[in-house]
Amino acid sequence: MQFHIEAMTCGGCARAVTKAIQSVDPAAQVQTDPPARKVEVKTTAARDALAAALTEAGFAPAEA
């Protein structure tokens, strides 16, 4: 699944986003692209759970 995260602008942000996603699913495969502000996630976790973790970390995903 993909997320667009407007607040993810650098490598530090990307690490925080990855950490937030992996707090829900430690086995999640996360690919971040800060310049495009996109995150690709391979996981079995629910999208809502990931979105909630991202929002709590300060990186609320944009609505698709």
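Checking every residue in the range 21-37 against the condition of being of a type in the set (A, V, I, L, M) and in a helix (DSSP H, G or I) gives at least one match. Does residue 49 count as assigned to a loop (DSSP other than H, G, I, E, B), open to solvent by less than 80 Å² (accessible area, probe 1.4 Å) and small (Gly, Ala, Ser)? In short, no.
Scanning the range 2-22 for residues that are surrounded by fewer than 15 Cβ atoms within 10 Å (Cβ to Cβ) and either touching a residue at least 24 places away in the same chain (Cβ under 8 Å) or in contact with a strand residue (DSSP E or B) (Cβ under 6 Å, 6 or more places away or on another chain) (or both) turns up 2, 4, 6, 9, 10, 19.
The residues in the range 7-20 that are in contact with a Phe, Trp or Tyr (Cβ under 9 Å, 6 or more places away or on another chain) and outside any loop (DSSP other than H, G, I, E, B) can be counted, and the count is 4. Quick one: is residue 49 over 11 Å from residue 1 (Cα atoms), touching a helix residue (DSSP H, G or I) at 6+ places or on another chain (Cβ under 6 Å) and not acidic (Asp, Glu)? Yes: the conditions hold for residue 49.
The values are calculated or read from the model by the stated rules, or taken from the named source; none is laboratory data. Being a predicted model, the structure only gives us computed values, none of them experimental. We place every Cβ from the backbone using ideal geometry, glycine too, and count neighbours over all the protein chains shown. Each accessible area value is taken on the protein alone, full model and side chains, heavy atoms only, with ligands, DNA and RNA left out. Shrake-Rupley method; radii C 1.70, N 1.55, O 1.52, S 1.80 Å.
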